[in-house]
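Have a look at the structure below before the remarks.
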Amino acid sequence: MLNDALTRILIVDDLPENLLALDALIRQDDRIIQQASSADEALSLLLRHEFALAILDVQMPGMNGFELAELMRGTERTRHIPIVFVSAAGHELNYAFHGYESGAVDFLHKPLDPHAVRSKVCVFVDLYRQRCAIREQLEALEAARRQQELLVQELQATQADLQRAVRMRDDFMSMVSHEMRTPLNTLFLETQVRKMHLARGNHAAFAAERLPKMLERDERHIQSMIRLIDDMLDVTRLQRGTLSILPKRFDLARMVSRLVESLGYQAAAAECALSLQAPDTLEAELDEFRIEQVVTNLLTNALRYGPGKPVEVLVAEWNGGARIDVRDHGRGIAAEDQQRIFNQFERAVDSRTTAGLGLGLYISRQIVESHGGTIGVSSTLGAGSTFSVWLPRTALQAEAEIG
């Protein structure tokens, strides 16, 4: 600590014998006495070191003690150093007034009284050490204040994160309840209608030509609930780092073609013309199930957000890998939302007006990146969106876990 460090004292006199005598008089083990035989030499030392006290001889050739004191008072680095003048001029009032006007705090008169000199030096050394101790305390307090401010900011950020997490949890539970309730209510109502037909003996409602559509509706509602549950399970696996990637060789172009065909009924219901441009074959060694999950999510989103307008799918070899583009002509996504929608529970539209949990793009990004690929979106409000996926022909690892 500064308070325990050696204390420097500067003595300035043009006579070597006076310097030696004063040095011997005030030297102690806890002090460093530095001597200067001229004002210029003194200024050089003052600019290099911090001093507790400067003892200046008044009568010096060239720049005298008063002039040196005035220079010290005009410099920021030295203006706070106490100055004691040594003079043989006696106790004349004008002489003392000139000294105090130059910045002196005390006078030592020749011949020097050893006891008085030692006592006065001790006082200034103690005052310097007290100032240093106070300065250290103030610096420590300032550091503590800054640390406290950082802690408060961290606590506020943590509180905001917790509040956001609580809101997300509540919103998520509300969305899950809504999304699960819709197909369940539909299934329940259809079951009640069937029970009513059976109770009335109306077997025509179960005629062979009606059963396929009836079963198709039931299957669609059940698959909707299964997808919701799978999304929730995948998010849990992602958070735990246990969502496995198991690559195997398959035809990517054929897989996308199959998905486009299987979504024909959903596209017709949305009044979307669904088209595909793809090569005859495009072999890849990826996790087929997970890539199918990504493409299905992009296709269902395109049909959901661009009803009544065409949806175009492109599969092609590109940049040493495979590229899949899904383009819709719907409402589009604002520039400020184009990164946010890949986060958990995030969507570019009001969750109250659009179905889904806001997990599909988050899961898709994790799956694509785990293969060493990339996923992004290009969109303009009112002009639709194009989601682009690039995948290497072979996954980065033969078997991996997303973590």
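The values are calculated or read from the model by the stated rules, or taken from the named source; none is laboratory data. Bear in mind that the values here come from a model prediction, so they are computed numbers and not experimental data. In this analysis, Cβ positions are derived from the backbone assuming ideal geometry, glycine residues included, and neighbour counts consider all displayed protein chains.
Things to note:
- The range 224-259, subset of a type in the set (Gly, Ala, Ser) and touching a strand residue (DSSP E or B) at 6+ places or on another chain (Cβ under 7 Å), residue modelled with the lowest pLDDT: 241
- Some residue of the range 51-58 being surrounded by fewer than 17 Cβ atoms within 10 Å (Cβ to Cβ) and not in a strand (DSSP E or B): no
- Enumeration of residues in the range 248-285 that are surrounded by 13 or more Cβ atoms within 10 Å (Cβ to Cβ), outside any helix (DSSP H, G or I) and either of a type in the set (Val, Ile, Thr) or in contact with a His (Cβ under 6 Å, 6 or more places away or on another chain) (or both): none
- Of the set (1) modelled with pLDDT under 75; (2) under 26 Å from the mean Cα position of the chain (by Cα); (3) crowded, with 17+ Cβ neighbours inside 10 Å, all apply to residue 403 but (3).
- Listed conditions (1) touching a strand residue (DSSP E or B) at 6+ places or on another chain (Cβ under 6 Å); (2) part of a helix (DSSP H, G or I); (3) more than 26 Å from residue 333 (Cβ to Cβ) are all met by residue 221, apart from (1).
- The sole residue among 344, 338, 366 that is modelled with pLDDT of 85 or more and under 22 Å from residue 165 (Cα atoms) is 366.
- Residue among 116, 89 that is among the small types (Gly, Ala, Ser), more than 30 Å from residue 227 (Cβ to Cβ) and modelled with pLDDT under 75: 89
- Among the conditions (1) under 23 Å from the mean Cα position of the chain (by Cα); (2) modelled with pLDDT under 60, residue 357 misses just one, which is (1).
- Test: residue in the range 260-268 that is modelled with pLDDT under 80, under 27 Å from residue 308 (Cβ atoms) and of a type in the set (D, E, K, R): no
- Which numbered condition residue 244 fails, given (1) over 40 Å from the mean Cα position of the chain (by Cα); (2) part of a strand (DSSP E or B); (3) among the hydroxyl-bearing types (Ser, Thr, Tyr): (1)
- Looking only at the range 56-89, and only at residues there that are in contact with a Ser or Thr (Cβ under 6 Å, 6 or more places away or on another chain) and of a type in the set (A, V, I, L, M), the one that is nearest to residue 19 (Cα to Cα): 58
- For the range 269-317, the set of residues classified as within 34 Å of the chain's Cα centre (by Cα) and farther than 25 Å from residue 227 by Cα is empty.
- Residue 290 vs. criteria assigned by TED's automatic domain parsing to the domain that holds residue 392 and surrounded by 20 or more Cβ atoms within 10 Å (Cβ to Cβ): yes
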